[in-house]
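Working notes, structure below.
The values are calculated or read from the model by the stated rules, or taken from the named source; none is laboratory data. What you see is a predicted model, and the numbers here were worked out from it, not measured in a lab. Here the Cβ positions follow ideal geometry from the backbone for every residue, glycine too, while neighbour counts run over all protein chains shown.
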Amino acid sequence: MTTKFKDQTVFKLIAAEEKRQREGLELIPSENYVSAEVLAAMGSVFTNKYSEGYPGMRYYGGQINTDAIESLAIERAKKLFKADHVNVQSHSGAQANEAVYHAWLEPGDTIMGMELSHGGHLTHGRPGTISAKLFNFVRYGIKDIESGEIDYEAMREIAIKTKPKIILAGFSSYPRELDYAKFQSIGDEVGAVLMADMAHIAGPIAAGLLKNPFDYGFRVMTTTTHKTLRGPRGAMILSKGNLGNPLKAVDKIVDNLPTLIDRSVFPGLQGGPHMHIIAAKSVALYEAAQPDFKQYCINMLANAKKLSVELMNRGFKLVTNGTDNHLILADIQTSFNFDGDMAEKILDRIGLTVNKNVVPDDPLPPFKPSGIRLGTPAITTRGLGEEHMVIIADWIYRALKSPHDELALDKIAAEVRKLASSFPLPNDN
């Protein structure tokens with residue numbers, strides 16, 4: 001397939017990556033496979049166009065089609081998530097979160113977010129990030145690691161004491177659903193804007209299977225478009241309020257959040273939007289509105305629950321003893337007496353891709369943490385069902401029980417390749 005390209009080096013690597021994906025199973029819960037149509041939109045001529053500004057308000061000519069494709073993406077996202085406005089220009093979830101912070105806050109203001117080792121994302125105030133240098137982060141976390149229940153009473157007490165201007169719901173490695181009504185109660189009491197980082201669970205929210213934070217008084221929701229939404233790598237910022245002219249200054253009041261956010265994205269944090277990615281976002285949003293997408297999300301959640309049960313049946317210690325969403329957090333140090341980094345490498349060896357991850361209050365360092373994070377978005381896209389979760393759990397158990405048995409690992413790797421090869425990638429069809 002690479003013979004028609006002049007740059008053989010790059011396209012041989014692309015072919016090698018296609019082979020890796022085709023012959024293995026992707027279990028990282030933040031990764032997925034896009035459709036052939038999303039892939040085609042990403043490779044379209046929209047990549048040639050500069051489009052600083054917003055539909056009807058650009059700094060360059062020739063925008064008739066870019067205005068139409070961005071407006072289409074905005075309207076599709078608004079309908080899918082019940083938002084008043086959507087900024088579809090953010091290049092990543094990290095930039096989307098930064099844009100909201102800068103839209104509403106001044107340097108030194110306080111944000112309340114989830115404790116990082118309990119599931120929070122690095123943009124929720126990890127030391128060393130730009131946001132942590134500019135804003136004051138305070139934490140809430142899990143009260144009971146067995147059930148995964150958030151300590152909402154401690155959260156309320158901290159909020160009353162610190163008066164955060166934003167209370168942030170959302171996570172990177174939390175397997176349960178949040179109680180948004182309790183967030184709303186605390187936010188109302190202290191006068192905080194409620195923001196949800198729903199990057200991981202946007203797909204099930206769009207499908208109506210998990211709760212929508214907008215139904216509980218939230219004013220802003222950020223999401224990536226590539227995880228459970230099965231779109232291109234990118235992000236969106238959804239908001240409630242009134243949209244004015246984003247090229248003109250407006251008062252910093254909560255009803256103006258859509259305008260403040262647009263101004264924060266451009267010209268605040270980034271220049272030209274990636275119109276080929278916005279085109280692909282629009283395709284993904286169309287796909288997410290179809291009935292088969294809801295069935296996909298039903299299957300994804302069922303697969304995650306089944307996989308978690310099968311792992312626990314084999315002696316794995318799972319954080320919160322299961323999952324309500326698409327992801328699972330396994331404490332490998334407790335289960336097998338070695339760290340998550342080693343487990344990640346062993347599973348890579350047999351063609352199962354996971355990522356090492358900290359567990360709550362992890363005594364080990366981030367690059368050699370106690371846990372691994374795994375999930376079912378990608379394998380469900382390929383068509384695997386609950387019966388295959390039994391097989392996958394057994395492969396993981398066998399590999400981690402015999403990490404130095406090369407013959408045993410070779411045997412499992414061959415089994416993984418055989419099963420994976422019978423489930424084509426979406427763009428193979």
Go through (1) in contact (Cβ under 8 Å) with a residue 12 or more places away in the chain; (2) under 22 Å from Glu98 (Cβ atoms); (3) touching a Gly at 6+ places or on another chain (Cβ under 6 Å) and name the single condition Ala132 misses.
-> (1)
Note on Tyr60: of the conditions (1) assigned to a helix (DSSP H, G or I); (2) farther than 17 Å from Ile278 by Cα; (3) of a type in the set (Ser, Thr, Tyr), unmet is (1)
Subset of region 369-406 that is among the β-branched types (Val, Ile, Thr) and surrounded by fewer than 20 Cβ atoms within 10 Å (Cβ to Cβ) - its residue that is nearest to Val309 (Cα to Cα) | Val390
Is it the case that region 41-48 has a residue that's aromatic (Phe, Trp, Tyr), in a strand (DSSP E or B) and assigned by TED's automatic domain parsing to the domain that holds Gly244?
-> no
Working carefully through the options Ile150, Ile145, find the one that is of a type in the set (A, V, I, L, M) and either within 20 Å of the chain's Cα centre (by Cα) or modelled with pLDDT of 90 or more (or both).
-> Ile150
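Taking Met155 as the residue in question, decide whether it is assigned to a strand (DSSP E or B), buried (at least 17 other Cβ atoms within 10 Å of the Cβ) and modelled with pLDDT of 95 or more.
no
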Test for Lys82: is it in contact with a Phe, Trp or Tyr (Cβ under 6 Å, 6 or more places away or on another chain) and more than 26 Å from Pro360 (Cβ to Cβ) = yes
Quick one: which of Phe367, Phe316 is modelled with pLDDT under 95 and more than 17 Å from Tyr174 (Cβ to Cβ)?
-> Phe367
Might you let me know whether region 205-216 holds any residue that is polar (S, T, N, Q) and either surrounded by 22 or more Cβ atoms within 10 Å (Cβ to Cβ) or touching a strand residue (DSSP E or B) at 6+ places or on another chain (Cβ under 6 Å) (or both)?
-> no
Those helices (runs of 4 or more DSSP H) lying entirely in region 315-429 with at least 1 residues touching an Asp or Glu at 6+ places or on another chain (Cβ under 6 Å), of a type in the set (Gly, Ala, Ser) and farther than 30 Å from Leu122 by Cα | 406-421
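Is it true that some residue in region 6-18 is under 23 Å from the mean Cα position of the chain (by Cα), within 29 Å of Gly383 (Cα to Cα) and assigned by TED's automatic domain parsing to the domain that holds Gly241?
Checked against the condition, which is being under 23 Å from the mean Cα position of the chain (by Cα), within 29 Å of Gly383 (Cα to Cα) and assigned by TED's automatic domain parsing to the domain that holds Gly241, region 6-18 yields no hits at all.
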Do the conditions hold for Thr47, that is, is it of a type in the set (Ser, Thr, Tyr), at pLDDT 95 or above and surrounded by fewer than 19 Cβ atoms within 10 Å (Cβ to Cβ)?
-> yes
Residues of region 211-234 being out of contact with any Leu (no Cβ under 9 Å at 6 or more places or on another chain) and within 19 Å of Glu177 (Cα to Cα), in sequence order, are Asn212, Asp215, Thr224, Lys227, Thr228
